[in-house]
1. Can you list, largest first and rounded to whole Å, the semi-axes you get for the chain by taking the square root of 5 times each eigenvalue of its Cα gyration tensor?
2. Classify region 20-154 as rounded, prolate or oblate, taking a ≥ b ≥ c as the square roots of the eigenvalues of its Cα gyration tensor: rounded when a/c is under 1.5, otherwise prolate if a/b is larger than b/c and oblate if not.
3. Report, ordered by chain and residue number, the lysines lying within cross-link reach of Lys179, taken as a straight Cα distance under 17 Å and ignoring same-chain residues fewer than 8 apart.
4. Want the number for Met38 to Ser300: 0.36 nm per residue separation, take away the alpha-carbon distance, what's left?
5. Does region 332-394 come out rounded, prolate or oblate by the C-alpha gyration tensor, with a ≥ b ≥ c the root eigenvalues, rounded set by a/c under 1.5 and, if not, prolate when a/b is larger than b/c and oblate if not?
6. Using only protein heavy atoms and a 1.4 Å probe, report how much of Met382 is accessible, in Å² to the nearest 10.
7. Any chance you could check the Cα centroid distance between region 599-659 and region 14-65 for me, in angstrom?
8. First measure r as the distance between the Cβ atoms of Asp223 and Thr544, then evaluate 1/(1 + (r/R0)^6) with R0 = 60 Å and state the FRET efficiency to the nearest 0.05.
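The values are calculated or read from the model by the stated rules, or taken from the named source; none is laboratory data. No experiment lies behind these values; they were computed from the predicted model shown. Here Cβ is always computed from backbone atoms with ideal geometry, including for glycine, and neighbour counts include all displayed protein chains. We work out accessible area using only protein heavy atoms, side chains counted, and drop any ligands, DNA or RNA first. Shrake-Rupley method; radii C 1.70, N 1.55, O 1.52, S 1.80 Å.
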Amino acid sequence: MMTNGVVQANIFGIKDWVTPYKIAVLALLYEMATTKPMALLDRRRLNKLILPLQQGSDLTFEQFLKTVEECCPLMVEAVKRRLFLMADRELQDMEHFFAILPSAFSDSEAFKTSVVGLFMRQMLLAYNKLSFSQVYKLYRSLQQYSQRGGRLTSNEDTKIFFLYQTFNNDENKAMKPAKLQDELNNILKFNPDFAEAHYLSYLNSMRVQDIYISTHSLLHYFDRLILSGGEGKSSGDEGYGRSLRYAVLNLATLHCRFGHYQQADLALQEAIRIAQEANDHVCLQHCLSWLYTLEQMKGSDSVVLTEDSVKMAAHFCLPYLASLGIQSLVQQGALHGMSANKLLDALRGTDIMHWKQSLSELIDISLAQTASIWRMYGKSTMARQQAQLLLNMNSLEPVNFGVQQNNTEPFAIALCHLAELHAEQGLYGAVSDIIKHLKQQFPPHTQHAKLWMLSDLKIQFEKAMNDGRYHLAEPYVTAISALNTTEGLYRKAQLLKALNQTSEASKILQRVQNLSEKSKNTEMIIRVMLATAELHWDSSGFATALPLLLQALALARQHNLQSLESETILHLAFTQLMLGIPEQALALVQDVLECVLAHGSVLDKARALLLTARCQAMLAVSAPEEQRMHAVELAVQTLGESAVYFSHLNCKLRLREVYYLQARLHHSLGNIQERNKSALLFRLLNQELPPATNMAVPQL
């Protein structure tokens, strides 16, 4: 299976492992079957004890004997005698015990149908599959177990299993990475050849993105599998051969995650080679899935590879991998401007399969992806609906210990979407609650913590910029850059532009443009064009911004990015207004005003209304005398609506501009009291704002 980008072989098959503790349980069952005269009450107690013993975790020798003694003191002596006969003599005594074990139950119907019988047959089958070296290792473990009564290699297996299960299902209840690593180091100190402990150390290191320890542990896992004997061959459907193939694949995914594309490609080719030798189609399909993922990460076109992967996965009846491929194709289609209806139709087809086969993880991914698509296309209401739908779903597959799968990447993405959408509406109290929940659900050391960290920093940056507190925004730029270079540079350019450092802002925007074109980030390319156009407004004039804005508009329409299309049209309208063409400017604003009010952020709504009021006020100057008064009143009303939105965001710089225009318009209407009120509010804000912003030119 694949969890959080890590392909995991079934290396923790605890039920089929023969351990010294389970040999002790088998000895108890054997003595119960061969000891005829036994008190009825004692037999009842022992019968009730058997199921917890065989299904629970391994106990130390003393704990096991004490548990049996509480039920039947006579039985504990027989079990001790049986175990000591095996441990204190030779290996052949343990072999003899497993040889005579079935004879004690040959006439029992329970041996064929009961849970106890199933347990015994599993243990016999697992024992018979062991190589000689493994049998000898088990015998030595039994000697240590019965003589010292401590937790030894066999019990370390169980301990590793529960450590793995805990951190794989619920990060909040798992050990902290450092503490878990200490536990693993203690285990490896006494048993450095314990392959599974090295594998768990690899997974634990991946949680904190520690490339050195994760690579070191995974390579040690390789070595221990190979040194374990003949089972280290790459062929075979089960055992170490299968684990080895997936270990090579995990090495490739590790390099992918850390951006080592050449090493990842070499590891993938090796995994493909040994999977072909073993005729392992499932492993080959995992390799193909990572191959197209690697091409995407390198910025190459991987559509053909992805389509081949989907076809082959469908051919070999691997719905999980086929669905992942389709979802990858949908993501690539969205980035290339495919229409929303085609993408959603493709996702709907896979969703039917997910529900039929109860693939809850893929249902979650599909909902998160749908929310992202709607948001990218500028439909914030639909994005919010999909995110809420995901968060209100109960997982179809509750994981062990009653934990629901709500700490996965889709849930993190959905919560981040909701946080950013609430921030866009100025609901910072709700944002604080969402971020607080994200911090609890995805602690800073966990794999997906980067998602909420970046969202939180972007929200705080925008809030500081809206408040005009640029000195508070600067530290957020540095923090954002540490998580995402492109996003950090873009916001640095925004900050420099606000501080009227246009030349430095222009240089940084050029760097962002180059990075975005390399990564084919169309959204960022358009945003850079809009920001560059704003720099033209401040320096070379409004006319020079028109070609850039028209180019951005064509790109937004080509990729169906409605939100960016509306924003670009507002920029064009503002440019035309400043060039003295208010009629065309107002027509452009009215074309997108409904969309902005329905799906835009509070800031977008406020800016659109402010621009509308400016156009109305400028048109009122040239309007006939009988219509002029009504036109000015309409502009005042629109300014009032804009002021409500700006106040909601505490956007003082824009509020100052609104109050100035209101005062002028009220003066022309002869509303002296309203004029004085607006003028006073303007004066107070003008005194409060930093000097650098007092001489700012009009902006959208």
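1. Details: eigenvalues 921, 135, 96 Å².
So the equivalent ellipsoid measures 68, 26, 22 Å along its semi-axes.
2. oblate
3. Straight-distance partners of Lys179: Lys159, Lys189.
4. Working: separation 262, 0.36 × 262 = 94.32 nm, distance 7.43 nm.
Residue separation times 0.36 nm, minus the Cα-Cα distance, leaves 86.9 nm.
5. Oblate is the answer for region 332-394, as a/c is 1.5 or above yet b/c matches or exceeds a/b.
6. Solvent-accessible area, nearest 10 Å²: 60 Å².
7. A separation of 82 Å, based on Cα centres.
8. Given R0 = 60 Å and the Cβ-Cβ separation, E is 0.40.
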